[in-house]
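> Have a look at this one before I ask anything.
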Amino acid sequence: MIADERRERLIEAMQEAGIDALLVYGNNWQGDYLRYATDFGIIEGQALALMRSDGHVTLYVDSPLEADRAALDCPGIEIVHAPDFVAEAERALDRLRNQRIGAAPQRLLPRRLAARTGDRTLTDQTAFVDRLLMNKLDSEIAAIRKAAKLADEGYTVFMQAARAGRADYELVAEAEAFFRAHGVDDNFQIIGVGGAMPRTSTPPSGRRLKRGDMVTTELTPCVDGYYAQICRTLVIGDASPEQKAAHALWRESMEAGIATVRDGVTAADIAKAENDVFRRHGMGQYTTSEYTRVRGHGMGLFADSKPHLLEDVTTRIDAGMALIVHPNTYHPVVGYMVLGDGVAVTKDGCEVLTGTARELFSVRG
């Protein structure tokens, strides 16, 4: 099982790093650190897990329902229902005070615990866990590959659902129904509908589709805990010349980024390759944080994993990482447009995991 392979890898890495125990936090938005150590996909509340280098894991959850579910889903670990789960974790840390203990992720830790990470006995080990999260086992890449296939199939369902007069939430519902019927654990999805005004994608708002609207979406289905994403744009009716020209630029940018991906480059290299296309076309201002967030990101146990593809992120890209390359940003004439493919990094390049055509799709008006 993937969970067993992950745990063995984590134990070995802890022993090599001289870490006696690792404290990890998770909540119902970001649970990748927690799931890596426990294989528990938290749905509500918050949790902490303390993993010792001998492999023993104690999971502290503040929800009684989550405690019951964890007992069923994770039979190999100790489950503790603790309404004051921070206090329970602190008592466990006190019992281990003569040992070297790491904690992650620092930015999400409850304040009482974060304040202790400056102590000799509790150190910030976020970067240590990040390396494991980013550099995938073969079995993890296989799970992401399955999720990417479902992302392609889900986009076909989404596209077939799109037509004039329908509300944006109806498209979302049909994609969601497809994913749930095919064993998808979770799906992060956003949608954008309209012309030049929308500056980003959002949750559905009830907006009705009409001829000439661009409809953007990110689909991010999760299989066995692993997310894969696809980004595409379609037009209700025939695309205008301006929409077609803009999409050609997005495609050129995305393909420049994908062509840069290989073992040994940096996240900044990929982002720069994408942004340089916009600069050559006089669109450099739309690569800034005023109009766009990232030029892509990692895929894995979280929908928006590290590394983020930005020109100031110098993280080395290694074979075994999984990324989505997406030059999603605003166009001053046609509005916000998205295009992105998931890839698995190899020594000499990358394997493109999504197979949907890189087209500006037109659907019936």
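> Mind checking the dipole of the chain: about its Cα centre, +1 per Lys or Arg Cβ, -1 per Asp or Glu Cβ, Debye to the nearest 20?
Roughly 960 debye, rounded to the nearest 20.
> Between residue 316 and residue 107, 0.36 nm times their residue separation minus their Cα-Cα distance comes to what?
Answer, rounded to one decimal: 73.1 nm.
> Here's another thing I want to ask about it. Calculated from DSSP H runs of 4 or more alone, at -39500 (n - 2.57) each and per residue, what is the 222 nm mean residue ellipticity of the chain, nearest 500?
Helices in the chain give a 222 nm mean residue ellipticity of -11000 deg cm²/dmol.
> To test your reading of the geometry: what angle, between 0 and 90 degrees and rounded to tens, separates the Cα axis of helix 267-280 from the longest principal axis of the chain?
20 degrees
> My understanding is that a pair violates if its Cα-Cα distance is over 22 Å; which of 136/347; 149/272; 272/306 do that in this structure?
Violating the 22 Å Cα-Cα cut-off are 149/272.
> So if I place +1 on the C-beta of Lys and Arg and -1 on the C-beta of Asp and Glu, and nothing else carries charge, what would the dipole magnitude of segment 96-225 be about its Cα centre? I want it in debye, nearest 20.
So the magnitude is around 560 debye.
> Convert each backbone phi in segment 66-78 into a coupling constant with the Karplus relation 6.51 cos²θ - 1.76 cosθ + 1.60 (shift: θ = phi - 60°), then list the ³J(HN,Hα) values in order as whole Hz, x for Gly and Pro.
Result, ordered by residue: 5, 5, 5, 5, 5, 4, 7, 7, 10, x, x, 10, 7 Hz.
> Within the accessible area of the chain, what % is carbon and sulfur when the probe is 1.4 Å and the other protein chains stay in place?
49 percent
> I've got another one for you. Let me have the relative contact order for the chain, percent, based on Cα pairs under 8 Å that are six or more residues apart.
RCO, the chain: 15 percent.
> In units of 2.2 N^0.38 Å, what is the alpha-carbon radius of gyration of segment 132-186?
Computed over Cα atoms of segment 132-186, the ratio equals 1.41.
> Label residue 87 and residue 240 with points 7 Å out from Cα along Cα→Cβ: what is the distance between them in nm?
That separation, rounded to one decimal, is 6.2 nm.
> Using +1 at the C-beta of Lys and Arg and -1 at the C-beta of Asp and Glu, which of 225, 203, 193 has the Cα lying farthest in the positive direction of the dipole of segment 123-234?
Positive-end residue among those listed: 193.
> Where the only charges are on Cβ atoms (+1 Lys, Arg; -1 Asp, Glu), what is the dipole of segment 1-152 about its Cα centre, to the nearest 20 debye?
Dipole of segment 1-152, to the nearest 20 debye: 400 debye.
> Same structure again: Using only the alpha-carbon atoms, how far is helix 85-95 inclined from the longest principal axis of the chain? Give it as 0 to 90 degrees, nearest 10.
With rounding to tens, the tilt is 40 degrees.
> Separate question: Expressed in nm², what is the orientationally averaged projection area of the convex hull enclosing the Cα positions of segment 250-326?
4.7 nm²
> Can you tell which of 104, 70, 121 lies farthest toward the positive end of the dipole of segment 59-132, using +1 and -1 charges on the Cβ of basic and acidic side chains (Lys, Arg; Asp, Glu)?
So the residue furthest toward the plus end is 121.
The values are calculated or read from the model by the stated rules, or taken from the named source; none is laboratory data. A quick note: this is a predicted structure, and the numbers were derived from the prediction, not measured. Glycine also receives a Cβ, built like all others from the backbone with ideal geometry; neighbour counts cover every protein chain displayed. The accessibility values were calculated without ligands, DNA or RNA, using every heavy atom of the protein model including side chains. Shrake-Rupley method; radii C 1.70, N 1.55, O 1.52, S 1.80 Å.
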